[in-house]
4 protein chains.
Amino acid sequence: MIRVGIVGGTGYTGVELLRLLAGHPEVALTIITSRSEAGRDVADLFPNLRGHLDIRFTQPDLDRLCECETVFFATPNGTAMTMVPQLIDAGVQVIDLAADFRLKDPEVWEQWYGTAHACPDYLEQAVYGLPEINRDAIRAAQLVANPGCYPTAVQLGFLPLIEAQVVDIDGLIADAKSAVSGAGRKAATATLLCEAGENFTAYAVPGHRHLPEIRQGLESAAGGPVGLTFVPHLTPMIRGIHATLYAGLRDPGRDLQALYEARYNNEYFVDILPAGSHPETRSVRGSNHCRIAIHQPQQGGVAVVLAVIDNLVKGAAGQAVQNMNIMQGFDEQLGLTGIALIP
Amino acid sequence: MIRVGIVGGTGYTGVELLRLLAGHPEVALTIITSRSEAGRDVADLFPNLRGHLDIRFTQPDLDRLCECETVFFATPNGTAMTMVPQLIDAGVQVIDLAADFRLKDPEVWEQWYGTAHACPDYLEQAVYGLPEINRDAIRAAQLVANPGCYPTAVQLGFLPLIEAQVVDIDGLIADAKSAVSGAGRKAATATLLCEAGENFTAYAVPGHRHLPEIRQGLESAAGGPVGLTFVPHLTPMIRGIHATLYAGLRDPGRDLQALYEARYNNEYFVDILPAGSHPETRSVRGSNHCRIAIHQPQQGGVAVVLAVIDNLVKGAAGQAVQNMNIMQGFDEQLGLTGIALIP
Amino acid sequence: MIRVGIVGGTGYTGVELLRLLAGHPEVALTIITSRSEAGRDVADLFPNLRGHLDIRFTQPDLDRLCECETVFFATPNGTAMTMVPQLIDAGVQVIDLAADFRLKDPEVWEQWYGTAHACPDYLEQAVYGLPEINRDAIRAAQLVANPGCYPTAVQLGFLPLIEAQVVDIDGLIADAKSAVSGAGRKAATATLLCEAGENFTAYAVPGHRHLPEIRQGLESAAGGPVGLTFVPHLTPMIRGIHATLYAGLRDPGRDLQALYEARYNNEYFVDILPAGSHPETRSVRGSNHCRIAIHQPQQGGVAVVLAVIDNLVKGAAGQAVQNMNIMQGFDEQLGLTGIALIP
Amino acid sequence: MIRVGIVGGTGYTGVELLRLLAGHPEVALTIITSRSEAGRDVADLFPNLRGHLDIRFTQPDLDRLCECETVFFATPNGTAMTMVPQLIDAGVQVIDLAADFRLKDPEVWEQWYGTAHACPDYLEQAVYGLPEINRDAIRAAQLVANPGCYPTAVQLGFLPLIEAQVVDIDGLIADAKSAVSGAGRKAATATLLCEAGENFTAYAVPGHRHLPEIRQGLESAAGGPVGLTFVPHLTPMIRGIHATLYAGLRDPGRDLQALYEARYNNEYFVDILPAGSHPETRSVRGSNHCRIAIHQPQQGGVAVVLAVIDNLVKGAAGQAVQNMNIMQGFDEQLGLTGIALIP
């Protein structure tokens, strides 16, 4: 059993992290901090946890956090970077579910997030926590930047094509659809049921913060610049991301199904569907799996990849627990074998 | 490990039973039968089970079913009663999730279900599988009639009031709201997303099949006739039942909160909320809990009970597994401690 | 053509009022005021109005409002009562869609709304704008209090039973289910899609502000005190209220279907469905109709009334336009004959 | 007033057509035929029509249909082509909402629809009913093939780019998202609320029947072959299509906003949003408008077009009425000025 702390945790990634950690056999959750909810029973805020977790939110307390083996940050962007240095220096393993340590270049961070990075010196040691490409580095890391939800789906979907150099990387298109929980639990008009329900819309077409994160990952795989158009959409449901990816094929004769199956053959959390399939977001609701189908319509020159995840699990809290398992030397699947809820 | 068989299982109670049994540490699912889906991989029909269950539907085969310790029927009403006698005579424990063995009086069964009962001789030994009132009988039973979804919520909500004789039992009102999965997975116009979505309606006000089942249970608790009005409604969501119950109080001064807490003090799966609460169906989504709040508006003469369950779990598959645990002498909570999914 | 002004109008009753007035042949909308949105194009806030309405929100301006024949208040509770006296004194007809003038007794108002009433002297002349009981008074009124959404459905449903004195008025029960738009357009966690979606819950069981309003109306019809239990629920959809009403019958032999048909025979906006029907909320989505079915389950002693309205139309903006039509001497149906949207 | 008949009309395009025709000042609906529902009151099947339409479904009757000025086919694919010749020969104007006359080449029709075309001789005179490109031909037509829902949104979105020859037409991508009503009102498991709700999925990626229809239209505009990848998706809502279109720009410096505004300057039913906008499907719910935004992310080489329609209105019944208005010489907007429902 390890002692685990959470900073933040009043949002949707927070409650999902609590759900997963409450059922994790090697975790003792010892502290969860929140300025706004300090003193409140966690199960009062999230009634699904009644009877499963007996802990209250407390004021942030660095000393108590430093007694943990692992600390998760489930905070808004910009918070973790103000506290992480002390925790790292104290020897604590840190997993940040926000964006603070995802981008390697602090100038790019400032450009997209609007403030200077508070601890650029710690960016270099931060490992981007996508286990399917970075497992060994994660195992050795003390600071993991948990990937964004869109970047997880888009990168897992594109990687086999890019690594195998079978597509034109100048004209990649990622058309991604997210459930509304991706926008968080904060009070806001745009995500009211009566605004986001029975409605579908694109947003942030001029530029979304996940664009540089995805591009950084794809360029790392490609070994050079990629041209990427990324368009996110809001779809009227609670959980799930569906990424539809388009890439021009250099060699239309390549067996793409075999390529994908080979790439993810040993990846428990990435499931390549049989040829001709169309993954459903609900098939991963509450689970840490990414399910992918690869198509080549009319045997033409365009590859179409369909990738689904639960944005709160493989796109956030589940991947964070997967990273903790790797960092701690646990079985990577520990606490993450729950089956998706259908219907 | 016990060998378990399922007859039917292509509907929503079926997939939920499969999800729960796949994660149950003492169960080996050895056979699942379906005439319509024989030969098909279970995980092909229900993609959430990919990687968790490796079994195909087969044609019904009584000999193979008789090799099981426990057989579940997740079939339409009227099917189990044609097969149960052979299984019972062969010593198999049977849990029927349909209505075939819920009503004690075969004439009442015929009146509400439209056909003569196929094995009325087996009705007497059938135990009504609501553990919170029948635990000892279930432990000794070979044939358990798993309660309906509405009857589970309504009975758990009313029982403390009736058992303590604090309400007028001539004018009970149960206004119940069900998610659409209660109507099953069969193709039907009325439950299409475009018909049942963004819509709310009552149905079966002249008489619903769960009325005699609820009445039978309440009369058993009351020790005599009760007057009950039961109105079910369809609410545009996938899972959940909310029962709002009304009863006239004989003694408005009684401490109802204490009454409910005492009644369910030792019941893990029944959670009495703090005074003043309003349970949410989502707080039990995917879990086997029933959460209840008891109100007495304006300290007047009417008790208002709010009870929520997941219709597919405590209202069907979860309760069936709970009954299996009791019948087999397992820990009653085994395989049923998953946490509800919020959001 | 009359000149019409709106105070407020940035919420859901506001946009619905704008939709109806934009299509009304006798209305020229000359001013709409909002402190928060002053200067903004109405069609920018509500994109459905693009090309249909060319007007901007302006700062409140009493002089310009006084130039209107009719002014609607689509403001939060407590705003209209600070401005109405001047408008009334200036001879303007006022229709308040909020609660300021619904309760006749200012002490009851203060008890439920938490502040003293700002102009109790104007309460007496205010007419409660339910045309089906108050048409003549509305025709002569200068100040109309537009009924709440729940009170409209519950009163229209109960009135025939109470007026005909066929039920026991001591034990009335109103179990009402509202779509989420009833909670308004303000940013709030509880009505986010991810909180209110796929969820069903009761709320305000200890006491809801619409309780005294409904009771006042029913007592007026009954000519004396009534005993009423009112439980509102939130149902995961955008529009619609379904009221399920229960009353004990004094004479179970009375022909209730005939009673309801006779009561509403001349009411265009109240539609009594054929015996045995179950009205759907979607059947009135966007329309000003109330559809009602009357049941007597198993020919027993309880009457069950099912009444549906669109909470934003007959429950708010549509009824307000209906009241304006009556007050102005227009055809009562003018601008209100749009057909509900199915699916 | 013209006499209008409908063949079919029991599905979603049917009820929407009925809603629009019931409110059309120049239409007398004299006959609606359905084999399955003959004898049933239309308002019994579609309760929103109660009080607005007093007509019953009758058996198909060619003689009575021939007495109409205009006959709409709201039937499954393959029905209209068996009846249209007689109607055309009798001088009736026909508008087919199904696919029977959309494709010019009967061999392509047979390839995608699986049966030989029943009246290939009538294909030549059929006019593709997209008024924004074919208004003059529609005015002179006797037989109009009403476009599919996806093809309407995708063509209106792409046309300005293709007509102005500013994009590379070899690599067009149309990523389209449809509400569930696009799948029709027939009983089917896949479109149950519990299957299609809270779920997002692509479908028919290997090839959808709307692909050849879209390609035919775009090639006509381009004057030559185009390369098009078309991926449809199912999104959990009732109405709406959102098409996200991608095209490589030949000249990234072109003012695309001006191009779109100029192209649709005189088109009442196509609304180009201000630069930087993201159209919402709900902004056209129930209305005949197509709203479009044009983007060029990061001033790069890719144009991104966002186009929304109500699939049942501009994508089906509304466009059919628009075509009728043009064919009959009515004002093109007649009966089509209703405002979309928000929320």
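Among the residues of segment B:81-90, at least one is without any contact (Cβ under 8 Å) to a residue 24 or more places away in the chain, surrounded by fewer than 24 Cβ atoms within 10 Å (Cβ to Cβ) and either touching a His at 6+ places or on another chain (Cβ under 9 Å) or not hydroxyl-bearing (S, T, Y) (or both).
Would you check if there is a residue in segment B:150-165 being under 14 Å from the mean Cα position of the chain (by Cα) and either outside any helix (DSSP H, G or I) or hydroxyl-bearing (S, T, Y) (or both)? Yes, segment B:150-165 has at least one match. If we keep just the residues of segment D:289-343 that are without any contact (Cβ under 8 Å) to a residue 40 or more places away in the chain and within 14 Å of chain C (Cβ to nearest Cβ), which is surrounded by the most Cβ atoms within 10 Å (Cβ to Cβ)? Here the residue is D:R291.
Checking the stated criteria, C:V27 turns out not to satisfy the condition of being free of Cβ contacts under 8 Å to residues at least 60 places away in the same chain, of a type in the set (V, I, T) and buried (at least 21 other Cβ atoms within 10 Å of the Cβ). Looking at segment D:269-288, which of the residues that are farther than 19 Å from D:V313 by Cα and of a type in the set (A, V, I, L, M, F, W, C) is farthest from the other protein chains (Cβ to nearest Cβ)? So the residue we want is D:A275.
The numbered conditions (1) at pLDDT 95 or above; (2) part of a loop (DSSP other than H, G, I, E, B); (3) over 16 Å from the mean Cα position of the chain (by Cα); (4) more than 8 Å from every other protein chain (Cβ to nearest Cβ) are all true for A:V205 except (4). Kindly indicate whether any position in segment D:245-260 is in contact with a helix residue (DSSP H, G or I) (Cβ under 7 Å, 6 or more places away or on another chain) and in a strand (DSSP E or B). Checked against the condition, which is being in contact with a helix residue (DSSP H, G or I) (Cβ under 7 Å, 6 or more places away or on another chain) and in a strand (DSSP E or B), segment D:245-260 yields at least one hit. Within segment C:46-66, the residues that satisfy the criterion of being at negative phi and within 13 Å of chain D (Cβ to nearest Cβ) are C:F46, C:P47, C:N48, C:L49, C:R50, C:H52, C:L53. Among the residues of segment A:208-242, the one identified as in a loop (DSSP other than H, G, I, E, B) and polar (S, T, N, Q) is A:T235. Considering each residue of segment A:226-255, count those that are closer than 21 Å to A:E132 by Cβ and among the small types (G, A, S), and give that number. Counting residues in segment A:226-255 that are closer than 21 Å to A:E132 by Cβ and among the small types (G, A, S) gives 3.
Residues in segment A:131-161 that are among the acidic types (D, E) and without any contact (Cβ under 8 Å) to a residue 60 or more places away in the chain: A:D136 alone.
Of the residues making up segment D:178-201, those that are over 28 Å from D:E132 (Cβ atoms) and in a strand (DSSP E or B) are D:L192, D:T201. Criterion applied to A:D170, A:D175 was being within 14 Å of chain D (Cβ to nearest Cβ), among the acidic types (D, E) and in a loop (DSSP other than H, G, I, E, B), and the one residue passing it is A:D170. Within segment C:1-45, being within 16 Å of C:L334 (Cα to Cα) and within 11 Å of chain D (Cβ to nearest Cβ) holds for C:E16, C:L18, C:R19, C:L20, C:L21, C:A22, C:G23. Pairs linking a residue in segment A:31-56 that is over 15 Å from A:L17 (Cα atoms) to a residue that is of a type in the set (V, I, T) and surrounded by fewer than 20 Cβ atoms within 10 Å (Cβ to Cβ), with Cβ atoms under 9 Å and 6 or more positions apart or on different chains, are A:A38/A:T58; A:G39/A:T58; A:D41/A:I55.
Considering C:E107, C:E124, C:E69, C:E132, the condition of being surrounded by fewer than 22 Cβ atoms within 10 Å (Cβ to Cβ), acidic (D, E) and either within 17 Å of C:A316 (Cβ to Cβ) or within 14 Å of another protein chain (Cβ to nearest Cβ) (or both) is satisfied by C:E132 alone. Selection within segment B:221-261: residues that are more than 13 Å from chain C (Cβ to nearest Cβ) and touching a residue at least 60 places away in the same chain (Cβ under 8 Å). The member of this set that is nearest to B:I292 (Cα to Cα) is B:Y260. Taking the listed residues D:A317, D:A275, D:A258, D:A303, the one that is over 21 Å from D:P131 (Cβ atoms) and in contact with a Leu (Cβ under 7 Å, 6 or more places away or on another chain) is D:A303, with no other qualifying. Applying a threshold of 9 Å to beta carbon distances and a minimum spacing of six or more residues, or different chains, the list of pairs starting in segment B:162-190 at a residue that is more than 26 Å from D:G197 (Cβ to Cβ) and ending at one that is surrounded by 20 or more Cβ atoms within 10 Å (Cβ to Cβ) and of a type in the set (D, E, K, R) reads B:I173/C:D175. Please verify whether segment D:179-197 includes one or more residues that are in contact with a strand residue (DSSP E or B) (Cβ under 9 Å, 6 or more places away or on another chain), under 25 Å from A:G301 (Cα atoms) and not hydroxyl-bearing (S, T, Y). Within segment D:179-197, none of the residues are in contact with a strand residue (DSSP E or B) (Cβ under 9 Å, 6 or more places away or on another chain), under 25 Å from A:G301 (Cα atoms) and not hydroxyl-bearing (S, T, Y).
The values are calculated or read from the model by the stated rules, or taken from the named source; none is laboratory data. This one's a predicted model, so the numbers in the text were calculated from it and none came from an experiment. Every residue, glycine as well, gets a Cβ built from its backbone with ideal geometry; the counts of neighbours run over all protein chains shown.
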